[in-house]
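Peer 1: Let me begin by handing over the structure; questions about it come next.
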Amino acid sequence: MARYSDSINSFELQTVRHNRDSLNDPEHRLAERRYSRGGENEGISRRRKKRANSFASGTLRIRRPVLRQDEIEQVVDEIDNDTPDQPVALQSDQIKEQNVPMSAKREIRRNLERRQTTTRIKKPGWFRRKKYDIQMQWCRFKLWTADQFYTIELWRSHFRTIDGHFGSDVGSYFRLLRWIFSLNLPVFILTFSFLTIPQLIVRNLGNFDDSQESVTCKFEHPFEGPEFLTGGGWFNQTELYYGCYTKEIIQIWKGHKYDMKYAYFFVCVAYYLFTLLRTAYSLQSSYKENFIEAEGEIQAFYSARVFCGWDYRIAHKETALLKHKTLSTLLKESLSKYNERVSNSWKTFFLKTFFRILTNVVSLALIGASGYLVWYISDTQSLKTDNKFLHDMAMPLTISALNFILPFAFSIIASFENYSIPQYALYFTMIRTLLLNAATLGVLVYFWFITVNCDQLEKKDENWLNAAVDCKPCWESFMGEQIYRLVIVDFFFTILFTLFSELIRFLVHKCFKSRIDKPEFDIARNTLNLIYSQSLVWLGTFYSPLLSLIQVIKFFVLFYIKRYSLTLFCRPSSKLWKAAKTQTFFLLFIFVSLLLCVIAVAFSMISLKPSQSCGPYQEFNTTYQVITEPFNKWSGKLNWLKEIIKLITSDVFFFLILTVLSVTVYYTRIIMNAHFEVVRLLKHQLHNEGKDKQFLIGLLQNNSTGSSRHNNSNNSNTRGNYTENNNKSSSNKIHVIQNRHFDRDE
Amino acid sequence: MGNQGSVFDDRQLEEYQELTYFTKKEILHVYKKFRQLNPSFVDANRDGRLDMDVIMSLPELKANPFNERICKVFSSTSSGDMSFEDFLDMMSVFSEAAPKHVKVEYAFRIYDFDDDDVLSRGDLKNVVNHLTGNEVLEADDLEQLISNILEEADLDNDGALSFAEFEHVISKAPDFVNSFRIRV
């Protein structure tokens, strides 16, 4: 009984209603499920309710090959009532949901069609017909695009192999890779078609509006080879970097002008907005699905392990065997933990806390030290060598090395921390790695912002900077070049890392077959690498518009490298990976990195002075001015419009918006608190109802044992009388309570 | 895909498209998979039924511990043998486009070994034993595990999981949709 009341506490409304009068009588239960399914699902979602209504008694029926005609009629009636006068094509979702064989579904569909052509008296009005027409067109369009996407879906057969051999967890890494790849592709198309093509036209045809000094990047350096790695020299004269885009207005043909200044600005805003929205949307839906909907008082640890344990995509005997083993060990482990309660004394608690503070301090110190190292090296140019190539690559090599080696240290630290839930160790390692990436890149970008920009450098008191620094005449291109190097070096590090961690281990395994296993694919580390290399691109796209092309090529190659290294050298993982929740974390990390990059770029656009000798914004004080200036110069008739725009672009307006947003957040919070209160009250009510039910069950049990005792003990009078009285009183009580319940139901 | 486009005419494909979660090309691909199981038989008689053993030679089903249950649940004669339409039904439920509540219903039926519309202790034991394969749990552990599951999910304390309870507990497990999938 104690357990009973526990579970009642966290019971949800619809299940209480469902079970309240079913008690423990199996026949009653079965009958109830058959006949009253339609109404029991109130309070779940609208969709579920609709479905339940649309097929009363349907979902749990034992499946028969063919439904009886009257049953089909019933289903058809329900669908028709649910969505009256809709064309059959729009009702297909409801047909699909029916838990019956294809032949029955077809029958239902034909019946619906027949009914619509013959028996429908009331035709829908013109407006409604149009609406349905449009909906049908939309559905058809969606199906058509899905059909086309099926043909062009990238790497489908590879995904089948990966999922079949290694399970869908490893597959999730490759899916994320493909997702980021697909994020870069539209960005590349956007920048290429709106920036690079017009620029190429200018360069080759030279048709300027104003034909004075035109192309800033004449081909002076020949292409030698090492440029591929350094991104300097020859590349500096190409459309890869900001510096080569013209400040002029291009005349495409007579009367049609194309202003590169605006194009550059709006294309940048468009791709950052596009990626931000797309990432935010994915994060939002993933969070909703995996955290909000999965929250609740009931912890479904064991049920989740058992009912979601098997990965249905596994298609290989060995993988299946391994999966059996993994699940078995996992269940055994968690059960043994269940049996021995961990004693939580003050001493162990104190030690644990102390140790965790220590490890956090150590990892923060490591992160801080790497940030300082990056600063020190950039400031003093201490890695200066005579070899130009080495000199160019010193900084990217240092940063990539830090970002590849320190995560190993973090995972060692996390293993010392001894978390009770292994997932926490993973999360901490991930957060530390992300901090490390942010710290190294952040320091570097800050350093660039204050030193390579001549204007900024003049403003600063130079004493605290080393004399080795000099400002660059075209600092945007310089930054683009640096980030290009980082991207390339990161690519080579990824390949090397794959070679070392997967190939070498595999070779070692070949030599000592029995002792050392093949390596497992490290999903977390590989995914974090992906996020790091993508944030480089986000940071650099403003300074180097074609960086997304480099990234597209890089990820394309990377996919094949990883895919073949996986199938050739790795073995399926023996750890259980909480794919859904970790995926949300990854999306969160991606979003945060993107946000940081956008902030950095926005800062440089709003408050840094553009280079005065190259790029589209030579004559401006800031890039952002390109938007505000036309309005300042405006001397047309619509003066009020000018005022409005002035107001919108002013700081006051910004703060106004901020205030409105804060008020909205506050308001939503209040509403949320009110909802919590309602939830609390409802829970209280459920608790009371649970007590009601418990009381009823008690009485019933009393009653049945009492009556059997009564029958068996006719001889003992006193006892008999007692039970009889007891029976009478309890049956009265039951009667009263049952009446109460019926009233409520009606 | 060659001549398989001609296997179904456009109207049939259209109809299948409305009755499953697949697009036309996917339906043809599913047919290709079905045909591969026994080409000569399927070519001779497209609507013929393949035996359960033949269906289970599909790699994903071969590796799946619940393969027999899956075949029985999706077979329209409940015997385990499948026609192409049954096969298409099955792949549609396991597809990425199928919504969660449809998947949950079929999962419940797959795990309901004795077809009595509730997951009793016996069913749960069967599920766990199929999951762990050769690495069986000890009897004590198994009992403990079943009790734990019931404690989590059995809200009305009747010693078995009804569909509503099953659906409720699945809603707390976000990994379900992802694991209950087979790629076309």
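The values are calculated or read from the model by the stated rules, or taken from the named source; none is laboratory data. Worth saying up front: this structure is predicted, and the values here are computed from it rather than measured. When we count neighbours, we look across all protein chains shown, and the Cβ atoms used for this are built from the backbone with ideal geometry, even at glycine.
Peer 1: Taking region A:357-395 only, how many residues are assigned to a helix (DSSP H, G or I), of a type outside the set (Gly, Ala, Ser) and in contact with a Ser or Thr (Cβ under 9 Å, 6 or more places away or on another chain)?
Peer 2: Result for region A:357-395: 12.
Peer 1: Conditions: (1) touching a helix residue (DSSP H, G or I) at 6+ places or on another chain (Cβ under 6 Å); (2) more than 7 Å from chain A (Cβ to nearest Cβ). B:ALA173 meets all but one. Number of the miss?
Peer 2: In the conditions (1) touching a helix residue (DSSP H, G or I) at 6+ places or on another chain (Cβ under 6 Å); (2) more than 7 Å from chain A (Cβ to nearest Cβ), B:ALA173 misses (2) alone.
Peer 1: Separate question: Can you spot a residue in region B:69-86 that is buried (at least 19 other Cβ atoms within 10 Å of the Cβ), assigned to a loop (DSSP other than H, G, I, E, B) and under 12 Å from the mean Cα position of the chain (by Cα)?
Peer 2: yes
Peer 1: Related question: Can B:GLU152 be described as facing another protein chain (nearest Cβ under 7 Å) and either more than 18 Å from B:ASP117 (Cα to Cα) or part of a helix (DSSP H, G or I) (or both)?
Peer 2: Criteria met by B:GLU152.
Results for (1) at the interface with chain A (Cβ under 8 Å from one of its Cβ atoms); (2) under 22 Å from B:ASN178 (Cβ atoms); (3) touching a residue at least 12 places away in the same chain (Cβ under 8 Å); (4) out of contact with any Gly (no Cβ under 7 Å at 6 or more places or on another chain), shown as yes or no for each residue.
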position	(1), (2), (3), (4)
B:SER40	no, no, no, yes
B:CYS71	no, no, yes, no
B:MET82	no, no, yes, yes
B:GLU105	yes, yes, yes, yes
B:ASN134	yes, no, no, yes
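Peer 1: Run down A:LYS96, A:LYS105, A:LYS130 and say which single residue is of a type in the set (Lys, Arg), assigned to a helix (DSSP H, G or I) and exposed (fewer than 12 other Cβ atoms within 10 Å of the Cβ).
Peer 2: A:LYS130 is the lone residue from the list that is of a type in the set (Lys, Arg), assigned to a helix (DSSP H, G or I) and exposed (fewer than 12 other Cβ atoms within 10 Å of the Cβ).
Peer 1: Let me ask you something else. If you go through region A:489-528 one residue at a time, how many are modelled with pLDDT of 80 or more and farther than 16 Å from A:SER565 by Cβ?
Peer 2: 5
Peer 1: Hey, another quick one. Mind checking whether some residue in region B:45-53 is aliphatic (A, V, I, L, M), within 11 Å of chain A (Cβ to nearest Cβ) and not in a helix (DSSP H, G or I)?
Peer 2: No: region B:45-53 contains no residue that is aliphatic (A, V, I, L, M), within 11 Å of chain A (Cβ to nearest Cβ) and not in a helix (DSSP H, G or I).
Peer 1: For the subset of region A:497-527 comprising residues that are in a helix (DSSP H, G or I) and over 24 Å from A:SER172 (Cβ atoms), which member is nearest to the chain's Cα centre (by Cα)?
Peer 2: A:ILE504
Peer 1: Return yes or no: is A:TRP346 of a type in the set (Phe, Trp, Tyr), modelled with pLDDT under 85 and out of contact with any strand residue (DSSP E or B) (no Cβ under 9 Å at 6 or more places or on another chain)? Let's see the steps before the verdict.
Peer 2: Values: of a type in the set (Phe, Trp, Tyr): yes; modelled with pLDDT under 85: yes; out of contact with any strand residue (DSSP E or B) (no Cβ under 9 Å at 6 or more places or on another chain): yes.
Yes.
Peer 1: Still on this structure, I have one more. Taking interchain pairs and intrachain pairs at least six residues apart, which have beta carbon atoms under 7 angstrom, with the first residue in region A:187-203 and closer than 15 Å to A:TYR272 by Cβ and the second among the small types (Gly, Ala, Ser) and surrounded by fewer than 21 Cβ atoms within 10 Å (Cβ to Cβ)?
Peer 2: A:LEU190/A:ALA270; A:PHE194/A:ALA263; A:LEU195/A:ALA263
Peer 1: Quick one: B:ILE146 ticks every box in (1) more than 7 Å from chain A (Cβ to nearest Cβ); (2) in a helix (DSSP H, G or I); (3) under 29 Å from B:SER92 (Cα atoms); (4) β-branched (Val, Ile, Thr) bar one, so which box is it?
Peer 2: Every condition holds for B:ILE146 apart from (3).
Peer 1: Then there is this: Considering (1) on the phi < 0 side of the Ramachandran plot; (2) crowded, with 18+ Cβ neighbours inside 10 Å; (3) not aromatic (Phe, Trp, Tyr), say which one B:SER147 fails and leave the rest.
Peer 2: Among (1) on the phi < 0 side of the Ramachandran plot; (2) crowded, with 18+ Cβ neighbours inside 10 Å; (3) not aromatic (Phe, Trp, Tyr), the lone unmet condition for B:SER147 is (2).
Peer 1: Consider B:ASP81 carefully, then state whether it is touching a strand residue (DSSP E or B) at 6+ places or on another chain (Cβ under 8 Å) and assigned by TED's automatic domain parsing to the domain that holds B:LEU50.
Peer 2: yes
Okay, residues lined up against (1) β-branched (Val, Ile, Thr); (2) surrounded by fewer than 18 Cβ atoms within 10 Å (Cβ to Cβ); (3) free of Cβ contacts under 8 Å to residues at least 60 places away in the same chain:
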{"site": "A:PHE542", "(1), (2), (3)": "no, no, no"}
{"site": "A:ILE550", "(1), (2), (3)": "yes, no, no"}
{"site": "A:PHE555", "(1), (2), (3)": "no, no, no"}
{"site": "A:TYR560", "(1), (2), (3)": "no, yes, yes"}
{"site": "A:THR567", "(1), (2), (3)": "yes, yes, no"}
{"site": "A:SER574", "(1), (2), (3)": "no, yes, no"}
{"site": "A:ILE590", "(1), (2), (3)": "yes, no, no"}
{"site": "A:LEU595", "(1), (2), (3)": "no, yes, no"}
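Peer 1: Which one is nearest to A:GLY167 (Cα to Cα) among residues in region A:284-317 that are modelled with pLDDT of 85 or more and more than 7 Å from chain B (Cβ to nearest Cβ)?
Peer 2: Ranking the candidates gives A:SER286 first.
Peer 1: Tell me which of these A:TYR532 doesn't satisfy, since it passes every other one: (1) surrounded by fewer than 22 Cβ atoms within 10 Å (Cβ to Cβ); (2) part of a helix (DSSP H, G or I).
Peer 2: For A:TYR532, the exception is condition (1).
Peer 1: Also, I was wondering about something else. Do we find that B:TYR21 is assigned to a helix (DSSP H, G or I) and closer than 26 Å to B:GLU105 by Cβ in this structure?
Peer 2: no
Every residue, every condition in (1) modelled with pLDDT of 90 or more; (2) closer than 25 Å to A:TRP538 by Cβ; (3) surrounded by fewer than 16 Cβ atoms within 10 Å (Cβ to Cβ), yes or no:
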site	(1), (2), (3)
A:ILE180	yes, yes, no
A:ASN184	yes, yes, no
A:THR196	no, yes, no
A:ILE201	no, no, yes
A:ASN204	no, no, yes
A:ASP209	no, no, yes
A:SER214	no, no, yes
A:PHE219	no, no, yes
A:PRO222	no, no, yes
